[in-house]
Structure formats: structure tokens, C-alpha cells
Amino acid sequence: MISKENAEHYIWGENCDGWYLLNRQDMLIIHERMPPDTHEKRHFHSVSRQFFYVLEGELTMELEGVKHEIKARQGVEIPPGAKHQARNDSALPVEFIVISHPTTRGDRSDLPTA
């Protein structure tokens, strides 16, 4: 069994948390937590397809220049090549699951912020 309580933990970006729930070459599943007013770098993946599913809070996903507000129990698919940026523009933390197929390791190109 795996959960954020026993998964490998790491810190990324502006004091954001990640927990590897599944870390394989063919699939990556991460539980992430973003404090208020944080964001990742705008980027895209050439091969990897991703699905973000919000557990708690509200995630702002900028996808190809359009902002989407994703609430708890909602998700969004990010196809390969789509420029995107996950943001927490709210006053509360947001927790979500990111599923990447295949892994995003070595398949990320950063872009300037939109």
C-alpha cells in the first residue's frame, strides 16, 4: 500500500510538496501540495500525457493561454505538446494527483510565463 504518509517526499518550486505514489518509466503518479500563491514554471512535454485531479482546494491550470479553475473532484487532461502551468492563485493550499504516461523524466521543456 502507498500513501503520502509513506511515499518518498520531495520539495519543488516555491515550497511545494510532492510524494511519489508510483515512479516507473511507463507511468508516474504524484500527490502534490501547493501553498497559496505558488506556481510551477510554464512548460510542455513532448511525449508524456498528463492528468491532474484535484483532491482539495482549487487549482488554476493555464493551458495554451487559457486559464481553467479546477475544483475538488475535478480533473483536466494535458496532451503531449500542450503548453501549461499549474498555479495556486487561491488563499488556501491545493492538493492534487498528477498521472503522467509515460514518465515526464527527461521530457520537459520550460517556457517563459504567459
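FYI, it's all coordinate maths here, none of it is from the lab. Quick caveat: nothing in here was measured; it's all calculated off a predicted structure. As a convention, Cβ positions derive from the backbone with ideal geometry for all residues, glycine included, and neighbour counts pool all protein chains shown.
For the range 39-87, averaging the sequence separation of C-alpha pairs within contact (under 8 Å, six or more residues apart) and dividing by the residue count gives a relative contact order of 51 percent. Checking every one of the trypsin sites (Lys or Arg not before Pro) in the range 51-82 against DSSP loop status and a limit of 12 other Cβ atoms within 10 Å picks out Arg73.
Exposure proxy ranking for Leu59, Leu28, based on other Cβ atoms within 10 angstrom of each Cβ and starting from the fewest, stands as Leu28, Leu59.
(i) 16.7; (ii) 18.6; (iii) 14.1: which one is Kirkwood radius over Cα pairs in Å as calculated from this entry? Checked against the structure: label (iii).
The ranking of Met27, Met1, Met61 by Cβ neighbour count inside 10 Å, starting from the fewest, reads Met1, Met27, Met61. Here the average projected area of the convex hull drawn through the C-alpha atoms of the range 39-87 stands at 3.0 nm². Among the GluC sites (Glu not before Pro) within the range 1-66, those in coil by DSSP and having at most 16 neighbouring Cβ atoms inside 10 Å are Glu5, Glu14, Glu64.
For the range 1-52, applying the loop criterion from DSSP together with a ceiling of 15 other beta carbons within 10 Å to the trypsin sites (Lys or Arg not before Pro) yields Arg24, Lys41.
Ordered by the count of other Cβ atoms within 10 Å of each Cβ, fewest first, Phe96, Phe44, Phe52 give Phe44, Phe52, Phe96. Once the Kirkwood radius over Cα pairs is known for the range 50-114, the Stokes-Einstein relation at 10 °C and 1.306 mPa s delivers a diffusion coefficient of 129 µm²/s.
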